[in-house]
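Q: Let me give you the structure first, and then I'll get to my questions.
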Amino acid sequence: MTVSARRSWMSVALCLAIVGAGAADANAYREKGKVAEIADSKMTVTPPRDWNRLDASPGKNAETWTLDGEQLNDITFYSGVEAGRPLVKEPDKKRQPLPKFTESTLLIEIPELLEGTYRAYKQIGGFSLTGSRPERFLRQEGVYFTYEFTDRDDLPRKGEARAALVGKKLYMISFDAPRLHYFDKTLPDFRALADTAKLGN
Amino acid sequence: MALCAVLTLTSPALAATKTKPAPPPPPYVGVYQPQGVDELGIWREDDESEQKLANSPVAIQDEALTAYVKSVLCTAVGFDRCNATRVYIVREPSFNATMSPNGTMRVYSGLLLRVRSEAELASVLGHEFGHFEKRHTLASFKAHRKGTDFLSWASVLASMSNSAGVHRNFADLEMSVYGSLLRFSRDHEREADLLGIGYLNGSTLRPQAASQIWRNLMAETEASAAARGLKKPRFDRVAFFSSHPPEAERADYLGALAMPEGDGRDEGSEAYGRALAKWLPVFLNDQIKLNDFGGSEYLINSLAKDGWTAPLWQMRGELFRARGAPRDLAHAADFYLNAITIEPELAEAHRGLGLSLVKTGRTEEGRVALARYLELKPDASDSAMIGMTIASIGGNQ
């Protein structure tokens, strides 16, 4: 095979790869009122408005939903994280491991787990937990908490989350968005969505 | 120009100077203004970046701390030189400092956590100032442009040929251009090291501290790798893509370049400790939450060399509780108790103790500790959750 022939085959292969990648990265539409299963788990939500689900998943048990793009409003579902596993996929298992959810993790320690995950994943210093209180979630005793952080893009963000431990697994929905405009704009939509979360039937 | 340590042949020029102390810095020629279109452009971009930084929430707005760090820079490089700079403390837990062409110095909180004296800090700031004084960013920009221009033309010429040999030669050429650019970067670092130690030799601070920083960093990296079950890192090899010389080389030549007569000078450890007292617990907290058990444990132990304090015991407790193995929780409880012995009203230590005890099955003792936390900090942001945890213990009995 001559060099030019090889090159044209490579071009075809490259085009196919791009098309294939495009199909794999297509994001999904989550239509208002239709029950949606989260990350192939028992957790479902019935969105009160239309949402976009991103195909790029942050982890085995996680799924990201957004309205305007994940940097502007990011809802992440953590659905049934098992003991010994991190909340999201580790950037480098050996050199940059993330904190793990363990069997002995208490409900009150879930906010610290999210904080540790954000700090270790993003390698940031500015993160603070601003409040927490007991609140039922998935018909279980749960925790509601709020936080603030500044991401690598120097944009201050606010967040809130609800979590519960069911059958030694962690279920959580978190929402974070830039403090300026987007957090307040999307918060009612997030709360309305999180209120519809159910486990099983 | 970043200081950050990246895994990385000894420079012949520097090797020749190894046996004698670094020369004093060249005479100061006054405030510098950008010249030529390239430099004007770089400065303009830099001005924008500085403006963004000044308003960024990651810049620590503590005038006293910023003034102190700047005074350490001035002690090292002299007051005439240091007036050309603006210092910003950036809250980021990595070992780093940077200096950009328009005189913006960024000092990372991770660096402030790791140095132990004014002399150590001055050696890093002096190195960064060396990049500024020698206009390394501009030289680097021009070298990259020349190298990539050359490769662009070479690729056009290579694409006109059907010979496999020509394409192989082009690939070799590409690697040698990139390799030489990286070598150029490492030589800049060595030159900045030479200038930095020159400033320190001419200052009132102990120049031998410069070598100590790299020895400490190597020890921390080893501790971090050991805790993660990784191979012992090598500090004596230059990787092809390294922008900086290897740490062992830097520690060796900085030690050799330090003026022997300066060995008896003060390092300014006590003054450094006083100036950073308010911030070190904050920076340490940022570090221990990075999930780097070995590195964090090394830093806590090095901070405790002059004596264990309640916040240090408490932080060690947090580190062990976060890892969370049963033996870690038992150790964490002991560390929190040590903190409480020194400072009985340290609320966070009672919280950590209570949670560690609850998790190891000592629920009644845990309940008492959590109740004490609430007494000491009734308005804590997690008071309702602590209340719920106490109630659930009661329910289990």
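Q: Quantify how strongly other chains surround peptide B:374-386 by giving the mean number of their Cβ atoms within 10 Å of each of its Cβ atoms.
A: Average per residue, whole number: 4.
Q: So if we plug the beta-carbon distance of B:Q35 and B:K142 into 1/(1 + (r/R0)^6) with R0 = 22 Å, what FRET efficiency do we get, rounded to 0.05? If you can, show how the numbers build up before the last one.
A: On the way: r = 13 Å, r/R0 = 0.58.
The value I calculate is 0.95.
Q: Between B:A219 and A:D92, what's the calculated FRET efficiency when r is the beta-carbon distance and R0 is 22 Å? Round to 0.05.
A: 0.50
Q: Based on Cα coordinates alone, diagonalise the gyration tensor for chain B, multiply each eigenvalue by 5, take square roots, and list the semi-axes in whole Å, largest first. Write out the running numbers ahead of the final one.
A: On the way: eigenvalues 415, 139, 89 Å².
That gives 46, 26, 21 Å for the three semi-axes.
Q: Let me ask you something else. Round to a whole angstrom and tell me the spacing of the C-alpha centers of segment B:332-372 and segment B:90-139.
A: If you average the Cα positions of each part, the centres end up 40 Å apart.
Q: What length, rounded to one decimal in nm, is gained on full extension from B:S152 through to B:A391, with 0.36 nm per residue of separation minus their alpha-carbon distance?
A: Values: separation 239, 0.36 × 239 = 86.04 nm, distance 7.05 nm.
Length gained between B:S152 and B:A391: 79.0 nm.
Q: Could you pull out the pairs from A:K89/A:K185; A:K32/A:K185; A:K60/A:K198; A:K169/A:K198; A:K93/A:K198 whose alpha carbons sit more than 23 Å apart here? Please report the intermediate quantities before stating the final value.
A: Numbers: A:K89/A:K185 29 Å; A:K32/A:K185 18 Å; A:K60/A:K198 19 Å; A:K169/A:K198 15 Å; A:K93/A:K198 32 Å.
Beyond 23 Å: A:K89/A:K185; A:K93/A:K198.
Q: How crowded by other chains is A:100-106, given as the mean number of beta carbons from other chains within 10 Å of each beta carbon? Mind showing how you got there, number by number?
A: Working: counts 4, 1, 4, 2, 8, 2, 6.
Neighbouring Cβ atoms belonging to other protein chains average 4 per residue here.
Q: What are the radius of gyration and Dmax of the protein assembly as shown, computed over its Cα atoms and given in Å?
A: 27.5, 84
Q: May I pose another question? Can you tell me the length gained on complete extension of the stretch B:A227 to B:T204, counting 0.36 nm per residue apart and subtracting the Cα distance?
A: Working: separation 23, 0.36 × 23 = 8.28 nm, distance 3.88 nm.
Length gained between B:A227 and B:T204: 4.4 nm.
Q: Find the centroid of the Cα atoms in segment A:27-63 and in segment A:145-161, then give the distance between the two in whole Å.
A: A separation of 22 Å, based on Cα centres.
Q: Can you give the helix-only mean residue ellipticity at 222 nm for chain A, where every DSSP H stretch with n ≥ 4 adds -39500 (n - 2.57) and the sum goes over all residues, rounded to the nearest 500 deg cm²/dmol?
A: -8000 deg cm²/dmol
Q: What do you get for the angle between helix A:182-195 and the principal long axis of chain A? Use alpha-carbon atoms, 0 to 90 degrees, nearest ten.
A: 70 degrees
Q: Just need the Rg to Rh number for segment B:282-324, please, alpha carbons only, Kirkwood Rh. The partial results should precede the final answer.
A: Working: Rg = 9.4 Å, Rh = 10.2 Å.
Taking Rh as the inverse mean 1/r over Cα pairs, Rg/Rh reads 0.92.
Q: Now a separate question. Want the number for A:Q140 to A:R191: 0.36 nm per residue separation, take away the alpha-carbon distance, what's left?
A: Going from the current span to full extension adds 16.6 nm.
Q: Tell me, what is a quarter of the convex hull surface for the C-alpha atoms of segment B:104-227, in nm² with one decimal?
A: Details: hull surface 43.8 nm².
Mean projected area for segment B:104-227: 10.9 nm², to one decimal.
Q: Shifting gears a bit: Over segment B:248-382, what is the mean sequence separation of C-alpha contacts under 8 Å (at least six apart), divided by residue count, expressed as relative contact order in percent? Display every interim value, and only then the final one.
A: Working: 122 pairs, mean separation 20.2, N = 135.
Dividing the mean separation by the residue count of segment B:248-382 yields 15 percent.
Q: Follow-up. For A:K168, go through the lysines and keep the ones whose alpha-carbon is under 16 Å away, minus same-chain ones fewer than eight residues off.
A: Correct list for A:K168: A:K42, A:K100, B:K359.
Q: A further question on this structure: Show that you can apply the helix-only estimate: for chain B, add -39,500 (n - 2.57) for every DSSP H stretch of four or more residues, divide by all residues, and state [θ] at 222 nm to the nearest 500. Walk me through the intermediate numbers first.
A: Numbers: 18 runs with 258 residues, N = 397.
Taken over chain B, the calculation gives -21000 deg cm²/dmol.
Q: If you fit an axis through the alpha-carbon atoms of helix A:110-122 and take the longest principal axis of the Cα set of chain A, what angle between them do you get, 0 to 90°, nearest 10?
A: Its long axis makes an angle of about 30 degrees.
Q: Which angle between 0 and 90 degrees, to the nearest 10, do you get for helix A:3-24 versus the longest principal axis of chain A when only C-alpha atoms count?
A: Compared with the principal axis, the helix lies near 20 degrees.
Q: I need the P(r) histogram for chain A: all alpha carbon pairs, bin width 10 Å from 0 out to the longest distance, whole percents.
A: 8, 32, 34, 14, 7, 4, 1
Q: Peptides B:229-239, A:42-52, B:312-322: what's the order by average Cβ count within 10 Å, highest mean first? Mind showing how you got there, number by number?
A: On the way: B:229-239: 12.5, A:42-52: 17.1, B:312-322: 24.7.
Highest-to-lowest ranking by the protection proxy: B:312-322, A:42-52, B:229-239.
Q: Another question, then. Enter the Cα centre distance for the pair segment B:269-331 and segment B:200-221, rounded to the nearest angstrom.
A: Measuring centre to centre over Cα atoms gives 22 Å.
Q: OK, next. Assuming a strict under-21 Å limit between Cα atoms, what lysine pair count do you get for segment B:12-264 once near-sequence pairs (fewer than 8 apart, same chain) are dropped?
A: Working: B:K18/B:K134; B:K52/B:K70; B:K70/B:K134; B:K134/B:K142; B:K134/B:K146.
For segment B:12-264, the number of qualifying lysine pairs is 5.
Q: Taking every alpha carbon pair in segment B:308-396, what does the distance histogram look like in 5 angstrom bins from 0, in percent?
A: Reading upward from the zero bin: 3, 18, 27, 24, 21, 7, 1, 0.
Q: Under a plain spin-label model, where a point goes 7 Å from the Cα along Cα-to-Cβ, how far apart in nm are B:E364 and B:A239?
A: 5.5 nm
Q: So, one more: At a Förster distance of 60 Å, what's the computed FRET efficiency of B:D379 paired with B:F79, Cβ-Cβ distance as r, to 0.05? It would help to have the intermediate numbers written out before the result.
A: Working: r = 46 Å, r/R0 = 0.77.
My answer for the efficiency is 0.85.
Throughout, read-outs are computed from the coordinates displayed, never taken from laboratory work. Because the structure is predicted, anything quoted here is derived from the model rather than measured. We place every Cβ from the backbone using ideal geometry, glycine too, and count neighbours over all the protein chains shown.
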